[in-house]
Structures are given as structure tokens and as C-alpha cells.
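The values are calculated or read from the model by the stated rules, or taken from the named source; none is laboratory data. Remember, predicted model here, so these are calculated numbers, not experimental data. Cβ placement follows ideal geometry from the backbone for every residue including glycine, while neighbour counts extend to all protein chains displayed. Heavy atoms of the whole protein, side chains included, go into the accessibility calculation; ligands, DNA and RNA do not. Shrake-Rupley method; radii C 1.70, N 1.55, O 1.52, S 1.80 Å.
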Amino acid sequence: MSKVPEKWHDAVMEFSLGLAKDNENFPKKVLSLFDKHFGYRRSIFFTHGISPFSGVSPRRMGAMNNYITYGIRYGPMYDYKERVYKHDIFRYANLPAHLKGRRLLFTDDVMSFEEYERTPYGIHMIGEDLYYQAVIFFYQGERIIGSMALFRSREQEKFGEEDRSLLEYLGSLVEASYQNYLRHSGEGRFQDNFQLFFQDVKQGAVLLNQDMTVIQCNAAAKEISQIFWEQYRHNQGHFLRSNYQGDPQFREVQTMINEVGERLSAQGSSSQTITSLARDITFYHTAFLSATPAGLAQTWHLMLITCQTKEIPKNMDHPYNSLTQQERRIVYYLASGMKNEQIAEELHISIYTVRTHIANIYKKFEVNSKVDLLMHLQPILKDQSKP
């Protein structure tokens, strides 16, 4: 403990105890501990030496795009994975020879901030207020097995020598635990356990690789994807953006995952509910790290999905039952407080089409205003929440 500034002794002790506890999601645990004990609210854990398998394009091999994030939005990470990673000044292959083998690097160890601000990587990160950066590298012998990026905003203090002492020490603790974790994990375990535990359950389950591409899914997930696609097929943007290259039988499941991916990726483990007047579809996401037989790191994602049907009027003569799927969506958005222009943008239709739908809805309910319409639908809408 002599290497650590005295004010951090207690926090380092608690960090060490937390690191020793069993946890299937090692990177997520580490990122959480850095937040809990040292206040790093935004961070990324990268694994290195990605192993090839079905569904991963060759251009991604060896790239720093196999990661778990903490407190960082999906958007900048999607851009990073697609184009910015090549310019990452901390990418190990890009480092000058005299910096390779170091445990810890700050931005100004690699280049001056004036130079950094002009690089494609610096421009991208500064745009997200990820200005000051510290990167801890983890090794097994001479081979790099992972790294971890910690960020501070421009308004905060830049990383200094006191931070270096602390992070060097924490890095050595994490490296030892990470090496042990990789020795005791196995790539086949996730696929075997998926088949064993999820194939016959009523809850939807989807196993994905580090690119969020579907590798396996159970029958329940396929059924829910059919419901989801029928309910939200007005928005095909994510479907067209899919990098899916796998089995066509998973295409609709992949579409569903893409639709909710941005909402779920900011945190390593989270949930999101997509709601309509008829049902709630809830997604629970977590990420796991395993090692291949060759000792290379691989990230897997597991998505669990529930679909709960809501009570609708049992009287088949109720006007709600005469609404089309599009009209039901519009009713929900009206109840959520959206204006006609916002509804048109959400559904990718013109405002004149929205007004026509609303006129038809009023006619079916025999009302003349939104207030009267929502009064009729109050029993259905009272438990609704925004999607």
C-alpha cells in the first residue's frame, strides 16, 4: 500500500475486496468498482486478441472494438467501432515503441493536448466531452490481453502524478484478477448453457456476439420478434442499418435487437420496456467475457425478453377493437402528449396523414376532441408509460 497516496488507502482496500468477489461479468464489475470507490463515471473495458468465428467480418479482427462501456452513450461508441478506432492514439498498434509495455498512459504521455485536439480521435472524443483520458494496459507475459480507458471532462482536472501512482497500483490488481478470470472461463460454456437453460422456456432469450449479431435464440424470442415486427414495422431504419450476416432464420430477431440496441448499450447491464396499448415487451441485457481455448478474449451478450399482454376491453363492440394498428399507435402517442408533428416524424408519415388518422379515430369513438377520446380510453391508458 506504500505506493498509493494515503488518502486512497481505505478505498483501495475496499476495491481489492470487491475485486476478489466472484462475478461472471468481470469487466463490468471492474468498471463499477472504479465508479464506486474512485468516482470514474465514464469508462470502457477493451479486450484484445479477438478470436474469429462465424458472423464477424475479417476487417474487425484485432481491432479495439470488443468492449464493455460504463456511463457512455451508444452513439459515440457506434461511431468509434465503425471508423474512429483506427485513429485511437491509445491503440496499442499505434503506440510508439518506447511507450509499449507501459502499464499506464495519459493523453499527454502520447502527445501534447494541442496536437491531440487536431487528431480525428481527439475531435471525436472532445465532441462527447471525453477530454482527459487515462488508459491502463493489462498483460500476460509480453502479450497484451486488455486495456481500460478512464475519462474526465474538460472542466475537471487533468490526470496528474498522484493519479498515476493510484492507477498504476489499481492496474496491477486488476491485471492479476483478469488473468485468473481468463484461465477459468470458457468460450463453449455460454453456448452449451444457452442450449441447456433457454431453449424450452417461455421467456425469450437471445445470445449475441461482440457485434451484437444473433448467434442463437430460442423459440420464444422468435415469437416475440414476430409480435414486435408487426407492432413496429413502420420504422425500418434499424433493419436497413443491420450488419447481420448470419442465418436468415434470425433476421427478424436481429431487427428487434437493433431497434432497442441504442437504448440498451449505454450501460453494460440494463433493461428497457417498449410499450403499446396492447402489450409491454421488456428487454434485459447483460454482457459476459469468456476466453477461447487459445486464451483469446471474447465478449458475449445475452438478451432476455418478456412479452406481457395488457387487458383490453372485453366487449368486442368497444371502439378500441375497431382501431387499426397504426391508429392504436397514434392513440398511444396522443396519450403520451406528443403533437401531430412529432407523431408524423415518429411514424415516418406526413402530418396530413396523421390528421386523417385522428379524424377517423374520433369518428369511431364518436368524439370531437382529444380530451373526450382519452376519457374513453382512460381504463386502458392508466397504466401506460412512455416507450
How many residues of region 347-376 are in contact (Cβ under 8 Å) with a residue 60 or more places away in the chain and assigned to a helix (DSSP H, G or I)? The answer is 1
inquiry  = One residue is enough: does region 295-310 have a residue meeting the conditions modelled with pLDDT under 75, touching a Pro at 6+ places or on another chain (Cβ under 9 Å) and open to solvent by 50 Å² or more (accessible area, probe 1.4 Å)?
reply    = no
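Identify the residue in region 320-370 that is of a type in the set (K, R) and under 30 Å from the mean Cα position of the chain (by Cα) and, among all such residues, is nearest to I274 (Cα to Cα).
Our first condition is that a residue be of a type in the set (K, R); within region 320-370, this holds for 328-329, 339, 355, 363-364, 370.
With the extra rule that they be under 30 Å from the mean Cα position of the chain (by Cα), the set shrinks to 328-329, 339.
Details: R328: 14, R329: 12, K339: 20 Å.
Filtering first and then ranking leaves R329.
Among the residues of region 315-371, which ones are aromatic (F, W, Y) and open to solvent by 40 Å² or more (accessible area, probe 1.4 Å)? It would help to see each step written out before you state the result.
Here is the first cut: in region 315-371, the ones aromatic (F, W, Y) are 320, 332-333, 352, 362, 365.
Listed by number, the residues that qualify are Y352, Y362.
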Matching residues in region 88-131 (aliphatic (A, V, I, L, M) and either assigned to a helix (DSSP H, G or I) or surrounded by fewer than 13 Cβ atoms within 10 Å (Cβ to Cβ) (or both)) number 7
Flagged pairs (Cβ under 8 angstrom, 6 or more apart or on separate chains; first in region 194-209, within 11 Å of I305 (Cβ to Cβ); second open to solvent by 10 Å² or more (accessible area, probe 1.4 Å) and among the polar types (S, T, N, Q)) are Q203/T306; G204/T306; V206/Q216
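Can you tell me how many residues in region 123-177 are among the β-branched types (V, I, T), modelled with pLDDT of 90 or more and touching a strand residue (DSSP E or B) at 6+ places or on another chain (Cβ under 9 Å)?
Taking region 123-177 and keeping what is among the β-branched types (V, I, T), we get 123, 126, 135-136, 144-145, 174.
Keeping just the survivors that are modelled with pLDDT of 90 or more gives 123, 126, 135-136, 174.
Those still in the list that are touching a strand residue (DSSP E or B) at 6+ places or on another chain (Cβ under 9 Å) too: 135-136, 174.
Within region 123-177, residues that are among the β-branched types (V, I, T), modelled with pLDDT of 90 or more and touching a strand residue (DSSP E or B) at 6+ places or on another chain (Cβ under 9 Å) number 3.
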Per the filter on region 88-122, residues modelled with pLDDT of 90 or more and within 23 Å of the chain's Cα centre (by Cα) are D88, F90, Y121, G122
By residue number, the members of region 132-144 that are in contact with a helix residue (DSSP H, G or I) (Cβ under 7 Å, 6 or more places away or on another chain) and open to solvent by 30 Å² or more (accessible area, probe 1.4 Å) are Y132, Q140
- Take V12 and decide whether it is surrounded by 13 or more Cβ atoms within 10 Å (Cβ to Cβ), modelled with pLDDT of 50 or more and more than 20 Å from L289 (Cα to Cα). yes
Listed by first then second residue, the pairs whose first member lies in region 25-40 and is crowded, with 21+ Cβ neighbours inside 10 Å, whose partner is acidic (D, E) and in a helix (DSSP H, G or I), with beta carbons under 9 Å and at least 6 positions apart or on separate chains, are L33/E14
Pairs returned, first residue in region 76-96 that is without any contact (Cβ under 8 Å) to a residue 40 or more places away in the chain and under 14 Å from I123 (Cα atoms), second residue that is surrounded by 14 or more Cβ atoms within 10 Å (Cβ to Cβ) and small (G, A, S), beta-carbon separation under 7 angstrom, 6 or more apart or interchain, are Y85/A63
Result of the Cβ filter at 7 Å on region 149-162, keeping first residues that are more than 12 Å from Q133 (Cβ to Cβ) and in contact (Cβ under 8 Å) with a residue 60 or more places away in the chain and partners that are open to solvent by 10 Å² or more (accessible area, probe 1.4 Å) and not acidic (D, E), at least 6 apart or interchain, is E162/P5
